[in-house]
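> This structure is in structure tokens; I'll ask about it shortly.
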Amino acid sequence: MNMHGKYTSQVIDMGFEQQLVHKTFYETLVEAGERDVVSALGDMFFTAHRDGADLSSIRFAQGEVYFHRRDYEAAILKWEQVHHDDLRPWAQKNIADSYYELGRLELAEELYRSIETESETLHAEIILRLFSLYRELGENAKADDMIKRGVTLYPDYPNMTEWARAFFEEQGDWESAVELALGEAVRTSARRWADILTGYVEQGHARTMAPARFSRCLALLYETDRVKFERLVQALWNGYRDGDLYFSWLAEWNRLYDELSIGRDYDWKRIPGLLGEAYAGLMKGPYRLKELVEVVPPLVKSWVSLADGPETAVAAAALLAWSEKFPEAFEEETVNDAAKRLVHAKRQAGEAGVSLFEEIADWAEEQRAGSHFRFRWFVRQLSDSRTHFVLVAGASRHERLAFLRTLVGEAALAAPSAPVLAWRNGGEMEVAKISDDQFTVFSSIDEFQQATGGRGSRFSDDAVIECTAPFSLVPQGIVLLDIGPLGGRASSDHEALVSFSLADSILFLLNGEDPFSSADEQLMLQLRERAPSAPMYVLLPPGDGMVDEEETARIVEEVEAHVRTIVPEANVMVYSPHAPSRKQQQALVGWLEEMRRCVSPVRREEAILTTIRQFIAHLFRQRAEAESRLAELVVWKKEMAAKLSGAIHQLGDLQEEKTAKTAKSFHTVLAEMRGELLTAIPDLLRSMADLVSEDRDFSRLHLELNDKANERLRAYLDEEALPKLRRAMEQWIAATEDEFNECQVFLHEMGEGFNAMFGQERLKLECDFRLLADWRRDTDRLINGVQIDKVNVFLRRTPSQLLLKGAGKLLGAFAQNKAMLAQKYKQFIQTQDYAEVVEAIIQQLLLPFEWFAKSLERDVTQFFHAPLTALDETLKRLELEIAAQEGELKHMRKNPEAYRDPLVLFGIRLRQCEQLAQAASAAVQLRQDENKPISSV
């Protein structure tokens with residue numbers, strides 16, 4: 001609301017309120033120049049009191065005077081007595097002012113807020129006083145709310161917007177400051193506020209504000225002040241660039257451009273440059289294509305419309321490049337206008353092809369798409385104006401190399417099977433092998449051939465072999481080039497054909513047996529189509545019909561006429577490719593010298609752009625191939641993982657089988673030994689009956705028999721049982737070794753099979769055969785260490801033995817009883833149960849072997865541990881590789897635009913370069929035509 005709306009025609013009322021504001025109402029009651037105002041008002045008060053008049057106005061005036069004299073309490077007393085309706089709200093406000101001056105801020109706030117008035121002036125003053133009061137109290141939130149309220153209600157009131165601006169700046173509340181400046185610039189159309197707003201934007205205080213907030217202001221400035229409009233546009237552009245709202249700003253600019261019909265009716269100084277910088281930044285920035293498609297087409301449209309001078313060509317080329325990729329985004333009239341502007345614009349070298357290539361190559365390395373040494377080498381050669389590449393074409397590869405031997409000697413045969421060969425005249429011998437992934441330099445042809453496998457070695461399709469040496473017949477700066485697949489059966493997209501863009505001139509070798517055959521003619525047409533501007537020189541091998549100079553000249557003229565139907569400016573020379581004469585060599589060197597002096601910068605730039613196009617296509621193809629290879633690799637590795645898992649289970653089963661078999665055969669050995677002992681020992685003890693006779697001392701016979709039995713047992717064990725056990729153990733170990741050897745053979749075959757499938761030695765499945773040596777040592781130690789304690793065979797306390805021993809002592813002295821005792825002893829020995837004795841002996845002999853048998857499972861497990869571990873670790877590594885590659889493949893498929901979009905943008909920038917190059921080429925041709933005599937034209 002306009003605060004002057006109510007008082008515009010009431011000058012007296014306005015003046016009255018201003019007196020109330022400044023507390024000078026008292027001046028209306030006293031004479032001008034009155035020196036004692038207090039006394040004058042006092043006299044006036046007593047006179048009015050005596051007359052019974054209303055004293056409110058006099059008291060109000062007295063309060064003002066006391067306030068100015070800082071007698072605030074007296075002023076308050078006077079203003080509290082004011083009851084006049086018009087003056088009462090002002091008196092309340094003045095009382096609050098007095099309490100404010102006395103430092104009683106809370107009471108002042110309460111009084112200010114209690115005032116009710118319809119006066120906009122008083123209301124505005126109260127707002128300003130409360131704003132000051134809250135600032136003094138440090139309540140900035142309330143101060144902020146109050147001043148914003150004042151700006152909203154009374155923006156034209158004195159000091160309102162200025163105090164607000166100062167407060168916002170002091171608080172660092174730049175959003176509010178910008179909103180204030182923006183609102184005032186639109187409301188007042190004042191240039192001062194436009195400058196303040198632009199200053200804020202230039203300082204970066206508007207970066208988080210929606211660009212659409214500035215549209216009204218920009219539209220207003222466009223109509224009223226183009227200079228300030230352009231300055232604010234520049235400030236907003238620089239502020240939003242690289243921020244989150246940059247694309248919103250670009251969309252807003254595009255909308256404003258259409259809505260305001262911004263055109264060339266004004267000499268724009270800054271905006272065309274901003275548009276060019278924005279376009280370059282968008283094309284090189286980390287943006288997705290779907291984002292750019294929304295803003296770039298209208299952006300380049302405005303750029304073309306507003307650009308002037310050399311920049312017009314760049315802008316027009318950009319629009320044409322985008323229109324080819326996204327024709328639906330451009331009207332036909334817009335495209336035609338850009339084409340006309342490109343033709344008539346002043347020339348400016350746009351984005352150089354070399355810098356564009358370097359950017360693409362560096363990006364490819366960042367994407368881990370390879371180093372691309374070959375393409376880098378191509379562009380480096382094309383950038384060197386001191387070199388001139390001469391492509392040797394025609395005939396067969398064999399014939400071409402034979403011809404090249406006449407110029408470069410044996411170096412022509414350095415790598416006859418390489419797809420691309422190049423020879424240049426230089427200082428020391430050097431052979432470079434160049435491919436997409438490698439750049440290797442050798443100091444001699446021998447070293448090169450040793451490293452590559454000799455002359456007959458095969459090379460990858462992307463290989464280039466460059467040979468540098470002091471070739472006397474090759475002029476300095478000339479590089480001879482041979483492309484193997486050219487003219488052959490190779491497909492048109494063969495990697496070697498990328499090298500064709502190097503050719504500055506073509507040296508065509510005709511077929512000696514059938515000069516200018518249909519094959520020669522077809523190849524020449526292809527070369528002319530591929531390189532229409534490359535000069536062509538034709539070598540005609542001497543034939544049978546060239547019997548003299550006159551006939552030779554006639555044949556040359558005839559062939560030359562035929563050749564010129566395809567290549568109008570071609571020259572033909574007779575040259576023997578196998579054994580040229582000195583004159584022929586000199587003539588050929590003269591041709592090479594002539595070629596060296598003709599390097600076309602326009603053709604080189606076009607060749608660089610062609611190479612870039614091939615490079616981009618190569619990167620697209622490489623990505624598709626990489627994704628396909630990765631998918632196939634993941635499938636293959638999963639199959640390998642399944643096979644490894646199967647091998648692990650198979651080996652686990654084999655281990656269990658061999659563990660059981662080994663333990664069983666060992667227990668069989670022990671069981672057989674036990675069985676033999678169970679039979680042999682009782683028989684041996686029963687044979688002790690042979691030692692009993694009548695003449696023996698029966699009182700000690702049981703002792704003697706017991707000793708003799710132990711002696712025989714010891715002899716039996718040492719001489720029969722233990723040797724047999726040793727042989728059995730050796731046979732068991734030998735049989736187990738045979739089993740283990742079969743396992744090792746199986747594992748070797750398994751490992752070789754896996755390694756063959758992996759294409760490298762990833763598995764080494766070696767079992768631990770040290771186990772067998774350990775077993776031999778342990779079994780020997782157990783057999784050699786057998787200690788059998790003396791056994792109580794006949795000294796045990798069984799009833800029958802006790803009876804015999806007692807009878808022997810009692811009756812042994814009587815002769816008639818000895819025969820009977822001897823018979824009883826024999827009978828006893830032969831019928832005695834020796835199971836307990838035998839078991840005691842077996843326990844002492846075989847118990848260590850029983851303990852040994854318990855470790856067999858652990859031992860066999862250790863035997864297979866290394867191969868099982870190798871298989872398991874290989875499987876785990878393979879599973880990790882699969883997980884990583886599946887993640888990479890998933891990323892490639894889920895986010896293909898991360899790789900594709902930059903290449904598409906590179907392609908658009910390339911097309912822009914091509915548009916500029918074509919326009920430059922056309923301009924050069926036009927100037928050449930203009931300089932030609934009229935008759936020749």
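The values are calculated or read from the model by the stated rules, or taken from the named source; none is laboratory data. Model, not experiment: these values are computed from the prediction. Don't worry about glycine lacking a Cβ; one is built from the backbone with ideal geometry, like all the others, and counts go over all protein chains shown.
> Does the range 839-862 include one or more residues that are farther than 30 Å from Q787 by Cβ and either surrounded by 12 or more Cβ atoms within 10 Å (Cβ to Cβ) or in contact with a strand residue (DSSP E or B) (Cβ under 9 Å, 6 or more places away or on another chain) (or both)?
Within the range 839-862, one or more residues are farther than 30 Å from Q787 by Cβ and either surrounded by 12 or more Cβ atoms within 10 Å (Cβ to Cβ) or in contact with a strand residue (DSSP E or B) (Cβ under 9 Å, 6 or more places away or on another chain) (or both).
> A follow-up question, please. Inspect all residues belonging to the range 886-909 and state whether any of them is surrounded by 12 or more Cβ atoms within 10 Å (Cβ to Cβ), at pLDDT below 75 and farther than 28 Å from L633 by Cβ.
The answer is no, given that none of the residues of the range 886-909 is surrounded by 12 or more Cβ atoms within 10 Å (Cβ to Cβ), at pLDDT below 75 and farther than 28 Å from L633 by Cβ.
> Among (1) of a type in the set (D, E); (2) touching a residue at least 60 places away in the same chain (Cβ under 8 Å); (3) within 30 Å of E594 (Cα to Cα), there is one condition E430 misses while meeting the rest; what is its number?
It is condition (2) that E430 fails.
> Which one of E184, E162, E223, E169 is more than 28 Å from Y287 (Cβ to Cβ), of a type in the set (D, E) and surrounded by 21 or more Cβ atoms within 10 Å (Cβ to Cβ)?
E184
> Could you pull out the residue among V392, V343 that is over 21 Å from L619 (Cα atoms), crowded, with 20+ Cβ neighbours inside 10 Å and in contact (Cβ under 8 Å) with a residue 12 or more places away in the chain?
Checking each option against the conditions leaves just V392.
> Still on this structure, please answer the following. Taking the conditions exactly as written (farther than 22 Å from E399 by Cβ and at pLDDT 85 or above), does R596 satisfy them or not?
Considered against the rule, which asks whether it is farther than 22 Å from E399 by Cβ and at pLDDT 85 or above, R596 comes out as no.
> Moving to a separate point now. Name the single residue that is surrounded by the most Cβ atoms within 10 Å (Cβ to Cβ) among those in the range 676-730 being within 28 Å of A773 (Cα to Cα) and of a type in the set (G, A, S).
Of everything passing the filter in the range 676-730, A721 is surrounded by the most Cβ atoms within 10 Å (Cβ to Cβ).
> For the range 309-333, what are the residues that are surrounded by fewer than 18 Cβ atoms within 10 Å (Cβ to Cβ) and either β-branched (V, I, T) or free of Cβ contacts under 8 Å to residues at least 40 places away in the same chain (or both)?
If the condition is that a residue be surrounded by fewer than 18 Cβ atoms within 10 Å (Cβ to Cβ) and either β-branched (V, I, T) or free of Cβ contacts under 8 Å to residues at least 40 places away in the same chain (or both), then G309, P310, F326, P327, E328, A329, E331, E332, E333 are the ones that fit.
> Quick check: is even one residue across the range 542-550 at pLDDT below 90, closer than 17 Å to F508 by Cα and not in a helix (DSSP H, G or I)?
yes
> Against the conditions (1) under 25 Å from S501 (Cα atoms); (2) at pLDDT below 85, where does W591 fall short? Just the number, please.
Going through (1) under 25 Å from S501 (Cα atoms); (2) at pLDDT below 85 one by one, W591 breaks only (2).
> Also: When R893 is evaluated against the numbered criteria (1) closer than 30 Å to E366 by Cβ; (2) not aliphatic (A, V, I, L, M); (3) not in a helix (DSSP H, G or I), which criterion, by number, is the only one it fails?
Condition not satisfied by R893: (3).
> Of the residues that make up the range 708-722, is at least one over 60 Å from the mean Cα position of the chain (by Cα), assigned by TED's automatic domain parsing to the domain that holds H865 and over 26 Å from A671 (Cα atoms)?
Yes: one or more hits.
> Name the residue that is surrounded by the most Cβ atoms within 10 Å (Cβ to Cβ), counting only residues in the range 614-636 that are touching a residue at least 60 places away in the same chain (Cβ under 8 Å) and over 17 Å from G370 (Cα atoms).
Residue satisfying both the conditions and the ranking: V634.
> Of the conditions (1) over 60 Å from the mean Cα position of the chain (by Cα); (2) crowded, with 16+ Cβ neighbours inside 10 Å; (3) assigned to a helix (DSSP H, G or I), A671 fails just one. Which one is it?
For A671, the exception is condition (2).
> Let me ask you something else. Going by what's in this entry, would A773 be described as of a type outside the set (F, W, Y), closer than 30 Å to M640 by Cα, in a helix (DSSP H, G or I) and at pLDDT 80 or above?
Considered against the rule, which asks whether it is of a type outside the set (F, W, Y), closer than 30 Å to M640 by Cα, in a helix (DSSP H, G or I) and at pLDDT 80 or above, A773 comes out as no.
> How many of the residues making up the range 777-790 are part of a helix (DSSP H, G or I) and surrounded by 14 or more Cβ atoms within 10 Å (Cβ to Cβ)?
Final tally of qualifying residues: 4.
> Looking at A75, A96, A108, A91, can you tell me which residue is in the same structural domain as A164 (by TED's automatic domain parsing), of a type in the set (G, A, S) and within 20 Å of Y154 (Cβ to Cβ)?
A96
> When you go through (1) farther than 18 Å from I434 by Cβ; (2) surrounded by 15 or more Cβ atoms within 10 Å (Cβ to Cβ); (3) among the basic types (K, R) one by one for R374, which number turns out not to apply?
The single condition R374 does not satisfy is (1).
> Here is a follow-up. Out of the residues in the range 865-885 that are in contact (Cβ under 8 Å) with a residue 60 or more places away in the chain and β-branched (V, I, T), state the one that is surrounded by the most Cβ atoms within 10 Å (Cβ to Cβ).
Ranking the candidates gives T874 first.
> Moving on to the next point. Just to check your reading of the model, which residue among V431, V441 is at pLDDT 85 or above, farther than 30 Å from V574 by Cβ, surrounded by fewer than 17 Cβ atoms within 10 Å (Cβ to Cβ) and aliphatic (A, V, I, L, M)?
V441
> Right, next: May I ask you to list the residues in the range 866-916 that are small (G, A, S), assigned by TED's automatic domain parsing to the domain that holds Q650 and in contact with a helix residue (DSSP H, G or I) (Cβ under 9 Å, 6 or more places away or on another chain)?
A870
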